[in-house]
Amino acid sequence: MLNDSITILGQTISIILGLFSIYIIFYFMGSLERNLYHKKYVYVLGYIFFTLAVFAAGVFHSQFIAFLINVIATVIAGHFLYNDKKIYLFYYSIFIVILGCFQIVVGFLFGQVCQLFNINFYSLDIFVITDSIIIQLSNLSAARLGIVFYKRKKIERITTVQFFNFLILPIFSIFYITTLLMYAQTYISLEDTILIVVNIASIIALNVYITNIFEAISNNNKLKNELMLYNEQAKMQYEYYNNLDTKYKNSRKIIHDIKNHMNAIEELYEQRETEKAKNYAEDMYKMFDKFVQKYYTSNKVLNIIINDKLSKAEQLGVGINCKIGDVNLEFIKDIDLTTIFSNLLDNAIEGTKTAAENKNISLKVDKFNEFIVINLINPTDKEPIQEKKGFKSTKKHHKGLGLENVRMALNKYEGNMRIEYKDKIFKVNIVIPVS
């Protein structure tokens with residue numbers, strides 16, 4: 001009776017784990033970058049055919065042939081359902097290979113842990129079931145980390161606490177299921193088998209659910225961050241157009257009095273007060289300059305950003321020497337332009353205001369071959385904080401907007417940022433390939 005119950009338990013759990021492993025593969029493919037979107041029934045059919053192919057391969061062929069069929073099925077499903085770029089053929093196939101290696105390592109480690117802590121399984125079938133469950137739960141975590149590795153941005157939207165909270169459930173699940181099956185091997189009836197299967201299925205379903213919550217938290221944090229950037233951009237645009245309106249109103253007053261100013265200058269020349277007339281004219285030119293909104297680039301958003309930061313820099317006694325060549329930045333989204341230039345200029349202004357002398361920032365943007373090159377140089381008497389990933393922003397109340405956000409924005413366009421600090425000079429060099 002015990003052997004029959006264990007056999008039933010093993011076969012049932014094998015089916016559940018098989019379905020779970022296929023879910024992990026589809027979860028991985030669906031979480032990477034996609035350029036294909038079909039109707040839902042297409043993915044349901046793809047999932048069914050994939051499942052049948054994998055199960056048939058496992059039943060009728062050797063482990064090597066089954067593994068090879070798994071790789072081929074994954075590549076085909078990924079290519080026709082998610083992304084048909086050639087590079088993703090490599091991503092999908094290498095993921096299955098990594099999972100295979102990962103299973104071997106986890107299985108070996110589990111055996112070592114059992115020996116180290118004297119964990120005894122009197123039934124080989126129970127040991128195999130436990131080992132299979134642990135491997136699949138580990139595979140889910142491995143898939144999550146694989147997505148982080150490929151996308152290089154999801155993990156940066158998750159706090160350390162949230163990430164470790166995510167890992168608690170798989171660890172607890174492994175401990176719980178191992179303990180449950182260890183005690184189940186002494187005596188197990190058909191009713192017990194059903195309860196164990198329900199327990200294990202519930203634990204696996206809970207892991208899937210928590211994984212989806214983890215993804216939702218990541219997206220939520222990303223949206224919060226983007227919302228702050230949109231608010232910052234909207235604020236700059238409001239101030240920009242508000243300044244334009246103010247300057248327009250003031251210029252109308254000057255224009256209204258322009259006849260009087262011209263008469264005054266003519267009067268001075270008639271009285272041979274040439275020097276006074278020249279000074280009067282120069283004062284008028286300076287007055288007119290105040291009403292001219294500076295034009296740096298044809299990109300509307302970037303022009304607004306630079307004018308906004310220039311105004312704030314002047315209030316702090318900081319100068320900005322800006323030279324922007326004939327570059328087309330239309331391929332970069334407005335939100336990403338705001339992220340890149342706002343954070344770079346904010347950091348530069350913050351650093352330059354601490355400089356004892358030469359409070360001037362140099363910003364150059366130009367095209368070199370097929371690349372957009374951005375160079376930003378500013379003096380600072382305050383040495384920036386350096387971490388493993390690079391330099392960290394030291395601005396107060398920065399709310400997470402800094403150099404790390406610049407890196408993430410650049411990653412979208414395969415851009416590269418190099419930072420250097422030497423002799424109280426902070427330099428940022430950015431290279432973005434033109435798409």
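Among the residues of segment 339-373, the one identified as touching a Ser or Thr at 6+ places or on another chain (Cβ under 7 Å), under 27 Å from residue 414 (Cα atoms) and part of a helix (DSSP H, G or I) is 347. Put simply, of 85, 40 the only residue that is open to solvent by 60 Å² or more (accessible area, probe 1.4 Å), under 17 Å from residue 26 (Cβ atoms) and among the basic types (Lys, Arg) is 40. Within segment 1-18, if we keep just the residues that are surrounded by fewer than 17 Cβ atoms within 10 Å (Cβ to Cβ) and touching a Ser or Thr at 6+ places or on another chain (Cβ under 8 Å), the residue that is modelled with the lowest pLDDT turns out to be 1. A count restricted to segment 110-169 and to residues that are open to solvent by less than 60 Å² (accessible area, probe 1.4 Å), at pLDDT 60 or above and part of a loop (DSSP other than H, G, I, E, B) stands at 3. Scanning segment 409-423 for residues that are in a loop (DSSP other than H, G, I, E, B), farther than 17 Å from residue 348 by Cβ and open to solvent by 30 Å² or more (accessible area, probe 1.4 Å) gives 412, 413, 414. For segment 271-289, what are the residues that are modelled with pLDDT of 75 or more and aromatic (Phe, Trp, Tyr)? Of everything in segment 271-289, just one residue is modelled with pLDDT of 75 or more and aromatic (Phe, Trp, Tyr), namely 280.
Taking the criterion of being within 21 Å of the chain's Cα centre (by Cα) and under 15 Å from residue 364 (Cβ atoms), the only residue of segment 418-427 that qualifies is 418. Residue pairs whose Cβ atoms lie under 7 Å apart, separated by 6 or more positions or on different chains, with the first residue in segment 313-336 and in contact (Cβ under 8 Å) with a residue 60 or more places away in the chain and the second of a type in the set (Phe, Trp, Tyr), are 332/413; 335/230.
In this structure, residue 50 does not qualify as open to solvent by less than 40 Å² (accessible area, probe 1.4 Å), touching a residue at least 60 places away in the same chain (Cβ under 8 Å) and not basic (Lys, Arg). Scanning segment 372-386 for residues that are in contact with a Gly (Cβ under 9 Å, 6 or more places away or on another chain) and open to solvent by 90 Å² or more (accessible area, probe 1.4 Å) turns up just one, 382.
The values are calculated or read from the model by the stated rules, or taken from the named source; none is laboratory data. This is a predicted model, so every value here is computed, not measured. Cβ coordinates were reconstructed from backbone atoms using ideal geometry, including for glycine residues, and neighbour counts include every protein chain displayed. Just the protein is used for accessible areas: all its heavy atoms, side chains included, with ligands, DNA and RNA removed. Shrake-Rupley method; radii C 1.70, N 1.55, O 1.52, S 1.80 Å.
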